[in-house]
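Trainee: Questions regarding the structure given below will be posed in turn.
The values are calculated or read from the model by the stated rules, or taken from the named source; none is laboratory data. Just so we're clear, the structure is a prediction, and the values are computed from it rather than from any experiment. All Cβ positions, glycine included, derive from the backbone under ideal geometry; neighbour counts span all protein chains shown.
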């Protein structure tokens with residue numbers, strides 16, 4: 001294993017608590033079960049149609065469908081799962097395959113993230129289509145009279161979940177996923193166990209199947225019944241096996257969402273994600289095997305437009321309240337399953353935007369959700385059937401499997417060292433072997449898809465090329481490639497922006513996406529270090545509220561005010577930069593602690609100087625020159641600073657009208673000096689007053705000041 005024995009023991013000790021943490025939205029994040037329930041709506045909802053697709057792909061031959069699913073299950077559990085677990089250990093915050101390859105993959109492999117992002121976005125749109133159509137199909141169980149409005153219902157379902165997510169935001173919608181996913185998971189485990197028990201003990205219930213199927217066909221709920229094809233040769237057997245495997249893969253859809261949702265996991269995140277990956281795989285495999293076994297025992301065909309799972313429930317429960325509950329839960333979970341597509345697709349689009357490959361507005365997940373809905377809404381009336389769209393759907397998540405496995409296998413050496421794994425050690429070899437298994441298993445799945453779903457390839461290729469081209473155009477700012485060096489942005493991070501660039505950050509237009517990505521990484525570095533300094537109390541001495549400090553830095557260092565939203569209220573965790581280049585720029589900006597402090601101190605001094613400039617004239621007369629008063633005021637108001645340094649700044653000071661973003665900070669320091677001056681200057685100004693009243697004519701003023709302890713203010 002690539003995880004040290006000590007670390008495994010420590011995390012295993014914490015696992016019982018981590019299993020249940022977050023179920024009530026408390027603690028430090030989502031625990032194992034909470035994480036599973038959150039993604040259950042997407043991953044586990046395939047229980048509604050995985051049996052249908054596997055049997056349909058095998059042309060009604062149940063034995064072939066079972067064999068195909070078993071082979072796929074072995075690939076998933078011993079190939080894909082270890083690869084994802086290794087990826088989660090190295091980068092638990094990264095999420096999908098695109099960000100992962102950018103974060104830990106070699107430079108030559110990172111180009112795969114462009115294609116991976118395109119396919120994942122397509123996958124998200126297809127998730128909405130499949131889930132909404134399937135939810136409408138299940139609704140027919142509860143209200144078969146609505147069969148004429150099946151597609152309209154699918155459109156309403158897609159629109160409803162979009163509105164909920166956009167209104168509440170993905171984070172606040174988590175309780176919906178936890179509740180729906182939890183109820184569905186618990187019910188499915190119980191109900192399917194009961195179905196399996198009856199399939200073993202009462203195979204004669206197969207006599208009920210023809211009547212149920214005939215009724216569904218007569219009412220129009222089931223639009224097509226797969227006729228069983230006779231296996232006449234080894235070639236036909238292999239063809240049906242491959243075809244069934246290509247369809248049964250859809251039973252693993254949503255699995256790739258677990259690492260993406262894992263960014264909300266409790267710590268240690270990798271342990272929560274790894275355990276969730278294992279349990280989710282067991283659930284997916286277990287429910288699939290149970291369904292296929294029952295379908296085999298009771299000779300249930302693939303019924304297009306209706307779930308074979310519900311036929312199984314009807315066989316064992318009859319038309320009772322339990323069947324209605326099963327249908328209702330299935331409809332709800334399919335409804336919520338759209339959330340995985342919406343949230344996952346929006347997250348991928350947001351990361352692509354952060355990389356400069358998509359327009360900036362995609363950084364708001366709500367925009368991404370709305371765009372995904374718009375595309376799905378157009379396609380739902382065109383596609384209409386789950387068995388139509390499944391041919392296209394699997395390419396997205398299988399490509400994510402493949403990219404993840406390859407990335408772990410070819411992981412950079414510096415990433416291993418950063419994770420405490422010695423290059424060439426048995427731990428490093430174990431980790432790379434996990435990636436190799438995932439890569440091989442995923443490559444086999446992809447080869448099956450390409451050969452068996454060839455008819456879907458043209459549309460997939462066109463859509464992928466179009467989305468990838470769109471990303472390239474955004475990234476380079478047009479069809480002409482532009483050379484942009486990270487060093488330019490590292491240099492800018494070294495201090496304030498030039499005067500002509502200050503204050504124009506909120507509505508700045510970047511020539512290309514790459515320049516925007518680089519500059520926003522610089523901004524995030526500044527924001528992070530300023531927030532850290534505020535929390536550490538580094539600015540307490542200025543006695544100015546943080547909002548004014550942030551506004552000042554926005555102006556002087558070119559920060560878009562929207563950047564402060566992340567991490568400002570504790571609701572969001574700052575994510576690591578997705579590429580080495582962006583990380584380099586971020587770190588260079590983050591290292592500017594002293595420069596930022598110097599900027600704030602400078603404008604603090606400007607505010608106090610403005611008070612001195614206006615007020616010192618009140619004490620200037622033939623006895624005291626302006627310089628005498630200014631020196632005294634500077635010594636009193638700058639007790640924590642070296643006099644020579646501040647005096648040098650004062651001599652260089654010239655009154656000027658400052659931009660409001662700067663003056664709103666400096667003005668607070670002006671008022672502070674004005675309020676503090678009477679308290680700080682009472683002894684000195686008392687002597688000056690007596691002096692001006694000629695009451696100290698015969699006395700040595702300097703000796704009086706020294707006697708009062710004000711020797712620092714003796715006239716030089």
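Trainee: Residue 411 is checked against (1) assigned to a loop (DSSP other than H, G, I, E, B); (2) without any contact (Cβ under 8 Å) to a residue 24 or more places away in the chain; (3) under 26 Å from the mean Cα position of the chain (by Cα) and fails just one. What number does that condition carry?
Mentor: Result: residue 411 fails condition (2) only.
Trainee: Pick from the stretch 434-451 the residues that are surrounded by fewer than 20 Cβ atoms within 10 Å (Cβ to Cβ) and touching a residue at least 60 places away in the same chain (Cβ under 8 Å): which of them is farthest from residue 74 (Cα to Cα)? Explain how you work it out, then say what you get.
Mentor: As a first pass, look at the stretch 434-451 and keep what is surrounded by fewer than 20 Cβ atoms within 10 Å (Cβ to Cβ): 436, 440, 443-444, 446-447, 450-451.
Of the ones still in play, those that are also touching a residue at least 60 places away in the same chain (Cβ under 8 Å) are 440, 444, 451.
Values: 440: 12, 444: 12, 451: 21 Å.
Per the stated criteria, the residue is 451.
Trainee: Inspect all residues belonging to the stretch 253-273 and state whether any of them is over 30 Å from residue 118 (Cα atoms) and in contact with a strand residue (DSSP E or B) (Cβ under 7 Å, 6 or more places away or on another chain).
Mentor: Going residue by residue through the stretch 253-273, those that are over 30 Å from residue 118 (Cα atoms) are 267-268.
Now narrow it down to the ones that are in contact with a strand residue (DSSP E or B) (Cβ under 7 Å, 6 or more places away or on another chain): none.
Checking the stretch 253-273: not a single residue is over 30 Å from residue 118 (Cα atoms) and in contact with a strand residue (DSSP E or B) (Cβ under 7 Å, 6 or more places away or on another chain).
Trainee: Could you please find all residues in the stretch 641-678 being touching a residue at least 60 places away in the same chain (Cβ under 8 Å) and more than 27 Å from residue 555 (Cα to Cα)?
Mentor: Within the stretch 641-678, just 677 meets the criteria.
Trainee: Evaluate the stretch 558-576: report whether one residue or more is surrounded by 14 or more Cβ atoms within 10 Å (Cβ to Cβ) and over 21 Å from the mean Cα position of the chain (by Cα).
Mentor: yes
Trainee: Looking for something modelled with pLDDT under 90 and closer than 23 Å to residue 533 by Cα - is there at least one such residue anywhere in the stretch 603-621?
Mentor: Looking through the stretch 603-621, none of the residues is modelled with pLDDT under 90 and closer than 23 Å to residue 533 by Cα.
This table checks each residue for (1) in contact with a strand residue (DSSP E or B) (Cβ under 8 Å, 6 or more places away or on another chain); (2) touching a residue at least 60 places away in the same chain (Cβ under 8 Å).
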residue: 303; (1), (2): yes, yes
residue: 329; (1), (2): no, yes
residue: 338; (1), (2): no, yes
residue: 346; (1), (2): no, yes
residue: 352; (1), (2): no, yes
residue: 360; (1), (2): no, yes
residue: 364; (1), (2): no, no
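Trainee: Considering only residues that are surrounded by fewer than 17 Cβ atoms within 10 Å (Cβ to Cβ) and in a loop (DSSP other than H, G, I, E, B), look in the stretch 542-557 and name the one that is modelled with the lowest pLDDT.
Mentor: Going through the qualifying residues, I end up with 543.
Trainee: So in the stretch 577-599, with the set limited to residues that are touching a helix residue (DSSP H, G or I) at 6+ places or on another chain (Cβ under 6 Å) and at pLDDT below 85, which one is surrounded by the most Cβ atoms within 10 Å (Cβ to Cβ)?
Mentor: 578
Trainee: If you don't mind, another one. Report yes if residue 258 is more than 30 Å from residue 139 (Cβ to Cβ) and assigned to a helix (DSSP H, G or I), otherwise no. Give the derivation first.
Mentor: Values: more than 30 Å from residue 139 (Cβ to Cβ): no; assigned to a helix (DSSP H, G or I): yes.
The answer is no for residue 258.
Trainee: Turning to a different aspect of this structure: Given the conditions (1) assigned to a loop (DSSP other than H, G, I, E, B); (2) touching a residue at least 24 places away in the same chain (Cβ under 8 Å), report the number of the one that residue 140 does not fulfil.
Mentor: Going through (1) assigned to a loop (DSSP other than H, G, I, E, B); (2) touching a residue at least 24 places away in the same chain (Cβ under 8 Å) one by one, residue 140 breaks only (1).
Trainee: While we're looking at this one, here's another question. Please go through the stretch 452-464 and pick out each residue that is farther than 18 Å from residue 353 by Cα, assigned to a helix (DSSP H, G or I) and touching a residue at least 24 places away in the same chain (Cβ under 8 Å). First the steps, then the outcome.
Mentor: Filtering the stretch 452-464 down to residues farther than 18 Å from residue 353 by Cα leaves 452-463.
Checking which are assigned to a helix (DSSP H, G or I) leaves us with 452, 454-463.
Hits for the stretch 452-464 are 452, 455, 456, 459, 460, 463.
Trainee: So for the stretch 86-98 (the condition being closer than 15 Å to residue 254 by Cα and either in a helix (DSSP H, G or I) or free of Cβ contacts under 8 Å to residues at least 24 places away in the same chain (or both)), does at least one residue qualify?
Mentor: Applying the first criterion (closer than 15 Å to residue 254 by Cα) to the stretch 86-98 yields 95-97.
Applying the additional criterion that residues be either in a helix (DSSP H, G or I) or free of Cβ contacts under 8 Å to residues at least 24 places away in the same chain (or both) yields 97.
For the stretch 86-98, residues closer than 15 Å to residue 254 by Cα and either in a helix (DSSP H, G or I) or free of Cβ contacts under 8 Å to residues at least 24 places away in the same chain (or both): present.
Trainee: Right, something else. Among the candidates 238, 328, 335, which residue alone is surrounded by fewer than 24 Cβ atoms within 10 Å (Cβ to Cβ) and under 37 Å from the mean Cα position of the chain (by Cα)? Spell out the reasoning first.
Mentor: On the way: 238 fails: under 37 Å from the mean Cα position of the chain (by Cα); 335 fails: surrounded by fewer than 24 Cβ atoms within 10 Å (Cβ to Cβ).
Result: 328 is the single residue among 238, 328, 335 that is surrounded by fewer than 24 Cβ atoms within 10 Å (Cβ to Cβ) and under 37 Å from the mean Cα position of the chain (by Cα).
Trainee: With the requirement that a residue be in contact (Cβ under 8 Å) with a residue 60 or more places away in the chain and either not in a helix (DSSP H, G or I) or not assigned by TED's automatic domain parsing to the domain that holds residue 218 (or both), what does the stretch 143-181 give you?
Mentor: If the condition is that a residue be in contact (Cβ under 8 Å) with a residue 60 or more places away in the chain and either not in a helix (DSSP H, G or I) or not assigned by TED's automatic domain parsing to the domain that holds residue 218 (or both), then 169, 170, 171, 173 are the ones that fit.
Trainee: Right, something else. Tell me which residues, restricted to the stretch 296-314, are modelled with pLDDT of 90 or more and assigned to a helix (DSSP H, G or I).
Mentor: 296, 297, listed by residue number.
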